[in-house]
Amino acid sequence: MDLSHKLPEYQTEKRNIVRLIIFTAAFALIFINIYSPFELTSWITNEAPAWLKIGNLDLLLLIYSSFIILTGVLVVVISRIIMYQVTKRRGRITIAQFLVWIAVEIISMAMFYALYEKLFLNDTRSFVDAYKASIQNTALVLLFPYSILWLYFSWIDKNKQLQKLTDSGEMAFDSMDMVTFRDEKGTMRLSIKLADLLFLQASDNYVTIFYDHQEKQAKYLLRSSLKIIQEELKHLPLIRCHRSYMVNFEKVKIIRREKDGLKLELETPVPTEIPVSKTYVEEVFKAFGENIH
């Protein structure tokens, strides 16, 4: 990890800051009540009344511990609000600056707990010893949820980027003269260069895609309809010329009128003729830029 790189934006997003504060507070509360690193049992000199106990759970101790941990988490709340304002006004900080920021959070929160132990709990240790132990415990309270959430936020962000690449990637294919064909359910089945696409032929609920492949004519069967494909690919030079045919007009080299109607001769390795029905004659000539009289 290059510490000089900018901190990912998702670390300072408002909703992620709220998530971090809530998760850190919840984790700290569970951790302190189970592990009791700050000698919380010394707060209560008398045994709690029976109505404040549920089995082995001392509700009075839980209330006290919740109060102290949530008060300590205010350090994180204030710190993250400041971080949000700083990044909003001055831009993103570096990863190194972020790590220093976390270290300051641990030092500040540990100072709060050490002072609380000395002033309110009458801790018999020296302040230095109490502060050292408080730093270790606070580091555990903060670094674990911070690490978990970093991974979680990173995973969410990568999924978003992947989705954007998927969405923009399909558009990029089209912009780079690529034609993407999807089935009737919208699933991508085939993507080929426009220059290799020859024509499409419909039959029942299927469309056969004919294209050039290694100087030979290849085909691919797709479950869809010409109507759907025509709508999806209307921005490309694919023209409907028959009830059962669409052609890539970049491949048409001759338009020929015969007794039974118009024929399109394609520029393909194998001689190929596509019929033009009366319904689509005007559309075909319009594609050639000709007027019909």
Going by what's in this entry, would Leu221 be described as buried (at least 16 other Cβ atoms within 10 Å of the Cβ) and among the hydrophobic types (A, V, I, L, M, F, W, C)? no
Counting only residues that are free of Cβ contacts under 8 Å to residues at least 24 places away in the same chain, assigned by TED's automatic domain parsing to the domain that holds Ile192 and of a type in the set (D, E, K, R), give me the strands (runs of 3 or more DSSP E) lying completely in region 211-293 with at least 1 of them. 216-223, 252-258, 261-266, 272-276
Members of region 265-289 found to be more than 20 Å from Lys227 (Cα to Cα), β-branched (Val, Ile, Thr) and modelled with pLDDT of 85 or more, listed by number: Thr272
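Taking Arg125 as the residue in question, decide whether it is farther than 19 Å from Phe23 by Cβ, in a helix (DSSP H, G or I) and among the charged types (D, E, K, R).
Numbers: farther than 19 Å from Phe23 by Cβ: yes; in a helix (DSSP H, G or I): no; among the charged types (D, E, K, R): yes.
In short, no.
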Scan region 93-114 and tell me whether some residue there is of a type outside the set (S, T, N, Q), in the same structural domain as Leu20 (by TED's automatic domain parsing) and not in a helix (DSSP H, G or I). yes
What single numbered condition from (1) surrounded by 10 or more Cβ atoms within 10 Å (Cβ to Cβ); (2) over 25 Å from Gly186 (Cβ atoms); (3) polar (S, T, N, Q) fails to hold for Ser244? (2)
With the requirement that a residue be of a type in the set (A, V, I, L, M, F, W, C), farther than 23 Å from Ala218 by Cβ and buried (at least 16 other Cβ atoms within 10 Å of the Cβ), what does region 254-283 give you? Ile255, Leu262, Val276
Consider only pairs whose beta carbons are under 8 Å apart and that are at least six residues apart or on different chains; among these, list those whose first residue lies in region 138-162 and is of a type in the set (S, T, N, Q) and whose second residue is modelled with pLDDT of 90 or more and surrounded by 13 or more Cβ atoms within 10 Å (Cβ to Cβ). Thr138/Ile106
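Would you check if there is a residue in region 184-195 being within 21 Å of Val276 (Cα to Cα), of a type in the set (Gly, Ala, Ser) and not in a helix (DSSP H, G or I)?
So in region 184-195, the residues within 21 Å of Val276 (Cα to Cα) come out as none.
No, region 184-195 contains no residue that is within 21 Å of Val276 (Cα to Cα), of a type in the set (Gly, Ala, Ser) and not in a helix (DSSP H, G or I).
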Output the residues belonging to region 15-29 that are among the basic types (Lys, Arg) and either without any contact (Cβ under 8 Å) to a residue 12 or more places away in the chain or over 17 Å from Val73 (Cα atoms) (or both). Arg15
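Kindly evaluate Leu140 against the criterion of being at pLDDT below 90, aliphatic (A, V, I, L, M), surrounded by 14 or more Cβ atoms within 10 Å (Cβ to Cβ) and more than 25 Å from Glu282 (Cβ to Cβ). Walk me through it before giving the result.
Working: at pLDDT below 90: yes; aliphatic (A, V, I, L, M): yes; surrounded by 14 or more Cβ atoms within 10 Å (Cβ to Cβ): yes; more than 25 Å from Glu282 (Cβ to Cβ): yes.
It is true that Leu140 is at pLDDT below 90, aliphatic (A, V, I, L, M), surrounded by 14 or more Cβ atoms within 10 Å (Cβ to Cβ) and more than 25 Å from Glu282 (Cβ to Cβ).
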Would you point out the residue of region 80-115, among those that are under 17 Å from Ala139 (Cβ atoms) and of a type in the set (Phe, Trp, Tyr), that is surrounded by the fewest Cβ atoms within 10 Å (Cβ to Cβ)? Trp101
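The values are calculated or read from the model by the stated rules, or taken from the named source; none is laboratory data. Small disclaimer: the values here were computed from a predicted structure and weren't measured. Note that each Cβ is placed from the backbone with ideal geometry, even for glycine, and that neighbours are counted across all protein chains shown.
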